[in-house]
Amino acid sequence: MSLFGSTFGNLFGKKEVPSVLGVDIGSSAIKIVQLRKKNGQAVLETYGELALGPYGASAIGQSVQLPTEKIIEALSDLMKEKEVNVTTRLAGLSIPFSSSLMSVIELPAVSDKQLATMVPLEARKYIPVPINEVMLDWSVIPKTDSRDDDAVAEGMQKKVEVLVVAIHNDTISKYQQIVEKTGLQAGFFEIEIFSTMRSVVEESLTPTMIMDFGAASTKLYIIERGVIKSSHTVNRGSQDITAAIAGSLGIPVERAEMMKREVGASGSDQTLRQIITLVLDYIFAEANRSLLGFEKKYNRTVGKVILVGGGASLKGLAELAKNAFKTEAVQGNPFGKLSTPAFIEKVLRETGPEFAVCIGAALRKLQDEG
């Protein structure tokens, strides 16, 4: 099973394919989207979201660690909802970045056959469990400048960068159990960043940072020409904003969550804005460190930041991010890749960042079926 999927290019052939699902099981919610293909274009049929907090005796919006049985129950409940009206079981599922290990390693420039022998040996240095306990995949990162040629001219050995990805076998088994118990037919499991890239990143020569603002953490990825060049996780997320509001104002978590969603950082309530900004300042500082590290290593500047994840719907976030990074910052718009009803366009744009992963997974499933 390949852990990589194509990001750009022609997603759909001429073959007619049935409807497909994209499934994103996050830490605070499950998101699904159902697509079909019409005239070579992906068409939105339905989508839905279900908070996982109540399945773990927590509030909506809170991150929870649920046993597999509870996740199966929640996903089954979501697919049964009449408002969602799921009509297919063909699916692509994403796996959380936290359940994987991803590293960029440098190796001598040798044949693919030689690399296939070298990568598992080198990967042992980065994987904290026996190599036979993980599913391992790798891909050579294309060169984007001539510095390697300069190194050869100076008598140094030519090197290549290799993106190594590993997922523990227990995680694969867990998702296989979820698929079996919910009656899904899944042809692949894909780490969430590859799904996100497919749904929100356009082909560009300019390096781009994806900032995936989840409930418990914020994932940072720097992408160049469709390749992940660096990744980092910040242990702060949207639930930390909720907790800060509740603690500072002395109100219940449920009320704080509502204030965060309805008012956010764009309203006239300066106290609320300051509370939110304090949490974001920490996340932005970590993100800026990632940006500087990339720029120092590759001598190139990140020209755009794309905000995705449930926390990316926070009102005023894009403007605060723009000021923090001194570059373009926009909310991801994965529904923009689809044909959708015009009358819900505004709603889809606002909720879009939350559905980046499941839309990307569904797009790959359409591609695989077509």
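Derivation of every value follows stated rules applied to the coordinates shown; laboratory data play no part. No experiment lies behind these values; they were computed from the predicted model shown. Neighbour counts run over all protein chains shown; Cβ positions are idealised from the backbone, glycine included.
Cross-link reach is defined here as a Cα-Cα straight distance under 20 Å, omitting same-chain residues fewer than 8 places apart; for Lys260 the aspartates and glutamates meeting it are Glu49, Asp212, Asp240, Asp269, Asp281, Glu319, Glu350, Glu354. Note on Lys296, Lys174, Lys82, Lys31: ascending count of other Cβ atoms within 10 Å places them as Lys82, Lys296, Lys174, Lys31, the fewest first. In this Cβ point-charge picture (+1 for Lys and Arg, -1 for Asp and Glu), the chain has a dipole of about 380 debye about its Cα centre. Once the chain from Lys125 to Tyr282 is taken as fully extended at 0.36 nm per residue, the excess over their C-alpha distance is 53.5 nm.
Quick one: Cα centre-to-centre distance for segment 164-205 and segment 231-306, in angstrom? Going from one Cα centre to the other spans 27 Å. Segment 215-300 has equivalent-ellipsoid semi-axes of 31, 12, 11 Å, by the square roots of 5 times the alpha carbon gyration tensor eigenvalues, sorted largest first. Ordering Glu192, Glu224, Glu354 from the fewest to the most neighbouring beta carbons within 10 Å gives Glu224, Glu354, Glu192. In this structure, the residue pairs whose Cα-Cα separation is over 20 Å, taken from Lys229/Lys297; Lys219/Lys304; Lys37/Lys304, are Lys37/Lys304. Between Thr87 and Ala116, the contour length at 0.36 nm per residue exceeds the alpha carbon distance by 6.3 nm. For the chain, set up a Gaussian network in which alpha carbons nearer than 10 Å are linked by springs, and say which option among Val110, Val140, Val160 fluctuates the most. With Cα springs under 10 Å in the chain, the top fluctuation among Val110, Val140, Val160 is at Val110. Within the listed set Asp137, Asp212, Asp24, the residue fluctuating most in the Gaussian network model of the chain (springs between alpha-carbon atoms under 10 angstrom) is Asp137. Applying 0.36 nm per residue to the separation of Thr327 and Ser139 and subtracting their alpha-carbon distance, the gain on full extension is 64.7 nm. Here each label is just a point 7 Å from Cα along the line to Cβ, and for Lys70 and Ile105 those points are 3.6 nm apart. Modelled label positions at Asn132 and Glu350, each set 7 Å beyond Cα in the direction of Cβ, lie 5.5 nm from each other.
With springs only between Cα atoms under 10 Å, which of Ile127, Ile191, Ile359 fluctuates most in a Gaussian network model of the chain? Ranking Ile127, Ile191, Ile359 by mean-square fluctuation puts Ile127 first.
On a 32 Å Cα-Cα criterion, which of the cross-link pairs Lys70/Lys125; Lys80/Lys346; Lys80/Lys174 come out too long? Violating the 32 Å Cα-Cα cut-off are Lys70/Lys125. Taking one quarter of the surface of the convex hull spanned by the alpha-carbon atoms of the chain gives a direction-averaged projected area of 19.6 nm². Helix screen, the chain: DSSP H segments with Cα axial length of 30 Å or more and mean Kyte-Doolittle hydropathy at least -1.0 are 270-298.
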